[in-house]
Structures are given as structure tokens and as C-alpha cells.
Amino acid sequence: MATFEEPTIINPKVDPNQGSFVLKKTNTAELDRQASFAEQLVEEEKAYRRGIISIKDLIAPSVLQVQPDHVRLGNKFLRTVFVVTYPRYISVGWFAPIINLNSTFDISMFFYPVKTELILKQLKNKVGILESQIMSDAEKGAARDPLRETALRDIEYLRDALTQGTEKFFQYSLYITLYGSSIEELDKLTDTVEDIFGSRLIYSKRVYFQSEQGFNSTLPLNDDELGIAFNMNSSPIATSFPFVSSELTSDNGILYGVNRHNNSLIIFDRFSLQNANSVVFATSGAGKSYAIKLEILRSLMMGADVIVIDPESEYKHLSDAVGGTYINVSLAGKSKINPFDLPRAVGSDTTTEDIIRSAVITIKGLIKLMIGELSYEEDSIMDRALLETYAKKDITPDADLATIEPPVMSDLQDILEGMEGGLTLARRLAKYTQGTFAGLFNSPTNVAMENQLVAFSVRDLEDELRPMAIYIIINYIWNIVRSKIKKRIMVIDEAWWLMQHEDSARFIFALVKRCRKYYLGVTNITQDVSDFLSSPYGEPIVNNSALQLLLKQSKSSIDLVQKTFLLTEGEKYLLLECGVGEGIFFAGSKHAAIKIVASYTEDQLITSDPRQLLEIEASKKEFADELARQNNPS
């Protein structure tokens, strides 16, 4: 058998020592071994990389299914809607109802600039055609065509704007990809979006047999795979801009804060709205009292009278700084308010009988807070006893309210003791006339509200008495307000105390509804949102408050706040994550993200920070000591 030597491959190599070419032999078996080793390395590298999780693996959905009219992405269903035509006129912010929908969707806008020279040439040809048609109709004696004349005017205006450079021309594409948890939810959301477009005479269509291309066109890849555009100049395109923030700047009013979207000033006059009422919801420490004290300070500068119900003596520092009247209502205090007080003046549209009837209803609400619910029989006895109590002091429908002396709680007790069936009610009232709580409700009124700022403190009252005291104070304030019409603001801090009881909540609601006639704005502040809104009168009070301020909210109450104020998901998370003094400011139909800002001097007057207050007191003491040393150098 013949044998052959294994073939060799001759490879030229450079010998660095000799600088000349030499021939070296390489065995083909060695080459095969090296190739096999390289292939093995490649396979091992592929296997290794298959075991590595990349960012694509993390964000990729579990399934992608393309259907003619929608795409299934994981457990979500997607559909793309595109705009085909627009009306001749379109208002600024027309896109806001779509953007503010409380749903998940993606929006893509594509702008394709068109050369001005090309558009001017086409518009010139179009003008010639329209003018010839109009002239032809005139020569024939036909009626003028308003559509052609309007089109001619629009084209001439656009030509002038393009020539002057004030307008540019674009091809504009607008796509919206909607998300739903089911096909039914997706269809419902699509119908809603199409209805909103249709209400503005904007014609839109759903993507068919291009659902994947529609989805890709709304991804943040800047890739327009649909290519459905509409010719439009820059002015109407600007109305579609999605990032539109409300401007709440007016010529009159006070500074509430800074718009966090565009850094503009939020200047507003609450008395310019349909009513001057407001509500403030925030968690503890979110800055709600700080914001209201800042509003009070600035409102005083604008000439408004301010009345404050202060449950924690937070407003005393401000009251002392501006020379206000601070009234401490307590069992041992000297300041007393009689719940039987009536207004001293009667308007032309209100009779004395109406005032007495209203006072009886109000006092019955107070008595229910004091002694609990009344049966139908007890309610009737109490109603009759209250009328007789007023009559005992000659307060009848024919009386002159300017000269009367109102009764006190012990007078009501005397009447009840002499009435059939009233003895039990009189005994239940005894605690407030002769017993432990006698010093609060059984004395004539000795406080005055002649100052521009009047604050009532109930901090030193027991929790059991606090709702009753606040009720009496508000009733007294309401009587003063009705006696003389004047621009006033009433602040009820921690209003949830009153919302816990139906009669006091009903009284607050009636006050909020009627105060507009007397030039009064009521501000309700609360940190316990659930207690406030769970009352049957909570949401009506909110609806009758044209001014609303939402600061940082807790996770337990954010869903209730979102439902009440119709917040979007973005606004919901803004209220969960915002800092102190930040939130959302509502004024009528407008709202904007706000940051409360104060000057250094204002901050020193309105702060509630105990550490800062101690520093201020220390500075005052140091200044007083220095002044004393200067006056007595020896």
C-alpha cells in the first residue's frame, strides 16, 4: 500500500533577526484543533450570555400579540387613534380634556417642516383659481359663494404671515395609543376619546391592520411608522401643545404663591368668584396653617376683616404682631359668649320673626350637642320652651331687637322646669347652668369684635366642650356678620371637630351657602380628610367652596381626595410626594401646582415652628434687656 506524506501549507513569515522571508511548515491538524477550540469558545460565550439578564429582558412584556384593531401587550390591550382633519377655528387648550383624562395613554406628535417657498407657490396658484371662480360667478350673475370668499381671505392672510416670517408651515401628525385591561374597557376609552375629539369638530380614526405600526409610532423612539399628516401652520399647531399650565394671575387680589409649572405668580381675589369660600386639606405639618396665616396677613393689608377660630393657639403670635384681638374662651376665662344672642340690626329683607325662628333652630342644634339626641316629643317641648324663653325677655315678632336683653341658659332651664314633660330636659341641662360646665354657656356676652383681626382660642377647653364652644362662637360671629355687611373672612381651623356631629355640620353647610349675601368668605381647614368628607355635608361644603387648596396628603386619604376633587393620577402622586407648602391650588374651573412663599418678615410673623418661636422670643428678650441697659446706664 502506497503511503503519502501529510501535506503541508507553506506560510511566509518575516524573520526579525535576518530581515528576510523564510518558509515554515504548519500542520493542518493543528489548524483544525485551533478552529475547533475557537468554535467551542463561541458556543460557551453564547451559553454564558443566554444566562445574563439584560435591560431588554427586564422591560420586555411577557407576550406581544398583534390583532387587526389592537395589540395585546402582556395583560394590557392597546389601540392607536390618529387625527385626520381639524376645523377652521380651534381654541387654545383644546387638547387639555384628553390630557387630563384619568387613564393611561401615550401621545406622539410629529412635525415635518415644509419650505415656505413651496407653500407660497401653491397658495398663489390656489388664489388664482379662487379669484377666477369668484369673478366667473359675478359675471354670470350668480349669488356669491361665502365659502370661496372665506377661503380666499384665509389664504391671503396665511400668505402675508408666511412672507413676513410670523408663521411657518408644517405637516403635523397626532397619534394617541390607549391602554385598557380588557377589550371592553379599551372600547369604552376609545369611544370617550373620539367623543371628545368630535365635540371639537376634530375627526379621528382608529388604526386598522397597522396596529403594530401605530404602537411603534407612539413609543419614545421618534419613529413615525404611520405617516398620516395634516397640513397646518404654526399658530393652530401651538394650540395642541400638551404641556399647558393654568395662569392664575389677575390684576386684583393677594399673592397666594408661585406656580410650580412656569414660575408665574398666583395672584387671586377670592371675592371675585361666585363665592368667597375655601377649603384646605393637608396632613399634619404640611403647611396648611402657615398658608392660611399668610393669606390672613395679606388680606388684612387689602382691607378685609378676618375672624379666626383657633383650636391650638397657633394664631396668637400673628394676632399680637398686627395688634389684633385674641379672645381665650375657657371655663375659667373672663371672655363669655351667650348662645341666645340675636343680631342687633335687621335688613329690609329679613323680619324679626325670621331671626327668632333661625335662633331657635340654631340653639336646638347646640342643645343636641350638649345633652344628646332628642326624641320627637322632647324636640317639640324644647322648641316651645325656647320660644317662651325669648318671650320671657319680651323678644317677640313685634319687638325692637336694638333694645332687647337676650336670655341666658338658666332662663331656658327655668322655663323647662315649669313645663309639663320638661323636667327631665331641665335636669340634663343643669350641668351647664349650675354644675361643672356652668361658667361657659350661662353668662351674657362680654366680648367685642371691633378689631380688624379677631381670633377665638379654644385650646384650654376640654375635648368634650370644644365642639360646643366652636358652635357658639360661629353662631355669634354669624350674628355679627348679619348685623353689618362688610368684607370679611372667617377661618375655621380643624373643622373636622364640627363635622363629627350632624347638627354642627348642617350649621356649617348653611353658613357656607348663605355667607355670600353678607360679603363673607368661610375657610374650612382640616387635616382629618376622612372625617370631614365622610359627613353627608362634607362634599356639599367642598362643592360650595370656589377656592380649594390641597397640600401634602396621606396614603390613607388620597383615594378619597382624588375621588372628591377628580384628580388625575399625576396630580394624585404630586400630592403624595410634594414638600411642605406645596400642593394644588383650585380657583373656580382653573387649578395649578402651587408653592407657598413668604418673605423673611412674613415668615417671622406667621411661623408655627416651636424652635423658631423660641428663637424669636429669645431675640425679643435680648432686645428688651439691651434697651433697658441703654435707658439705665448705671
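The values are calculated or read from the model by the stated rules, or taken from the named source; none is laboratory data. Nothing here was measured: the structure is a model prediction, and the numbers come from that model. All Cβ positions, even for glycine, are placed from backbone atoms using ideal geometry, and neighbour counts span all protein chains on display.
Could you say which residue among V542, V561 is more than 20 Å from E295 (Cα to Cα), among the aliphatic types (A, V, I, L, M) and under 20 Å from the mean Cα position of the chain (by Cα)?
Numbers: V542 fails: more than 20 Å from E295 (Cα to Cα).
On inspection, the qualifying residue turns out to be V561.
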Note to self: Quick check on my filter: what residues within the stretch 418-454 are more than 18 Å from K368 (Cα to Cα), without any contact (Cβ under 8 Å) to a residue 60 or more places away in the chain and surrounded by 15 or more Cβ atoms within 10 Å (Cβ to Cβ)?
What the structure shows: M419
Item checked: Residue satisfying condition, being over 20 Å from L575 (Cα atoms), in contact with a Lys or Arg (Cβ under 6 Å, 6 or more places away or on another chain) and either of a type in the set (K, R) or modelled with pLDDT of 85 or more (or both), within set L551, L520 -> L520
Notebook entry, point to check: From the residues in the stretch 573-591 that are in contact with a strand residue (DSSP E or B) (Cβ under 7 Å, 6 or more places away or on another chain) and more than 17 Å from G287 (Cα to Cα), which one is modelled with the highest pLDDT?
Noted result: A587
Margin query: If I filter the stretch 205-218 for residues that are out of contact with any Asp or Glu (no Cβ under 8 Å at 6 or more places or on another chain), of a type in the set (V, I, T) and in contact (Cβ under 8 Å) with a residue 24 or more places away in the chain, do I get at least one hit?
Written below: no
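With respect to E417, is the statement that it is closer than 30 Å to G303 by Cβ and either in contact with a helix residue (DSSP H, G or I) (Cβ under 6 Å, 6 or more places away or on another chain) or not polar (S, T, N, Q) (or both) true?
No: the conditions fail for E417.
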Next item on the list: Could you run through the stretch 279-298 and say how many residues are more than 17 Å from L453 (Cα to Cα), of a type in the set (S, T, N, Q) and either buried (at least 24 other Cβ atoms within 10 Å of the Cβ) or over 16 Å from the mean Cα position of the chain (by Cα) (or both)?
Entry: 1
Note to self: Please go through the stretch 470-508 and give me each residue that is among the small types (G, A, S) and surrounded by fewer than 24 Cβ atoms within 10 Å (Cβ to Cβ), ordered by number.
What the structure shows: S483, A505
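For the stretch 612-619, state whether one or more residues are in contact with a Ser or Thr (Cβ under 6 Å, 6 or more places away or on another chain), touching a residue at least 60 places away in the same chain (Cβ under 8 Å) and surrounded by fewer than 18 Cβ atoms within 10 Å (Cβ to Cβ).
Within the stretch 612-619, the first condition is being in contact with a Ser or Thr (Cβ under 6 Å, 6 or more places away or on another chain), and the residues that meet it are none.
Within the stretch 612-619, not a single residue is in contact with a Ser or Thr (Cβ under 6 Å, 6 or more places away or on another chain), touching a residue at least 60 places away in the same chain (Cβ under 8 Å) and surrounded by fewer than 18 Cβ atoms within 10 Å (Cβ to Cβ).
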Next item on the list: Return yes or no: is L123 assigned by TED's automatic domain parsing to the domain that holds K188, among the aliphatic types (A, V, I, L, M), surrounded by 15 or more Cβ atoms within 10 Å (Cβ to Cβ) and more than 18 Å from R200 (Cβ to Cβ)?
Entry: yes
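For every residue, the table says whether it meets (1) within 26 Å of N263 (Cβ to Cβ); (2) surrounded by 15 or more Cβ atoms within 10 Å (Cβ to Cβ).
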{"position": "I525", "(1), (2)": "no, yes"}
{"position": "T564", "(1), (2)": "no, yes"}
{"position": "L567", "(1), (2)": "yes, yes"}
{"position": "G581", "(1), (2)": "yes, yes"}
{"position": "H591", "(1), (2)": "yes, yes"}
{"position": "S599", "(1), (2)": "yes, no"}
{"position": "L605", "(1), (2)": "yes, yes"}
{"position": "D625", "(1), (2)": "no, no"}
{"position": "N632", "(1), (2)": "no, no"}
Notebook entry, point to check: For the stretch 365-382, which residues satisfy the criterion of being without any contact (Cβ under 8 Å) to a residue 60 or more places away in the chain and closer than 20 Å to N479 by Cβ?
Noted result: none
Next item on the list: Among residues belonging to the stretch 101-142 that are under 30 Å from G570 (Cα atoms) and in contact with a helix residue (DSSP H, G or I) (Cβ under 6 Å, 6 or more places away or on another chain), point out the one that is modelled with the highest pLDDT.
Entry: S108
Check: Is the stretch 80-96 home to any residue that is closer than 28 Å to R200 by Cβ and part of a helix (DSSP H, G or I)?
Finding: yes
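Restricting to the stretch 260-284, and then to whatever is assigned to a loop (DSSP other than H, G, I, E, B) and in contact with a helix residue (DSSP H, G or I) (Cβ under 7 Å, 6 or more places away or on another chain), can you tell me which residue is farthest from A495 (Cα to Cα)?
By that ranking, first place goes to N275.
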Next item on the list: Report yes if some residue within the stretch 411-430 is under 24 Å from F507 (Cα atoms) and of a type in the set (V, I, T); otherwise report no.
Entry: no
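Go through the stretch 564-584 and give me each residue that's small (G, A, S) and more than 19 Å from A291 (Cβ to Cβ).
Of all residues in the stretch 564-584, those small (G, A, S) come to 570, 579, 581, 583.
Once the filter is applied, which keeps residues that are small (G, A, S) and more than 19 Å from A291 (Cβ to Cβ), the stretch 564-584 yields only G570.
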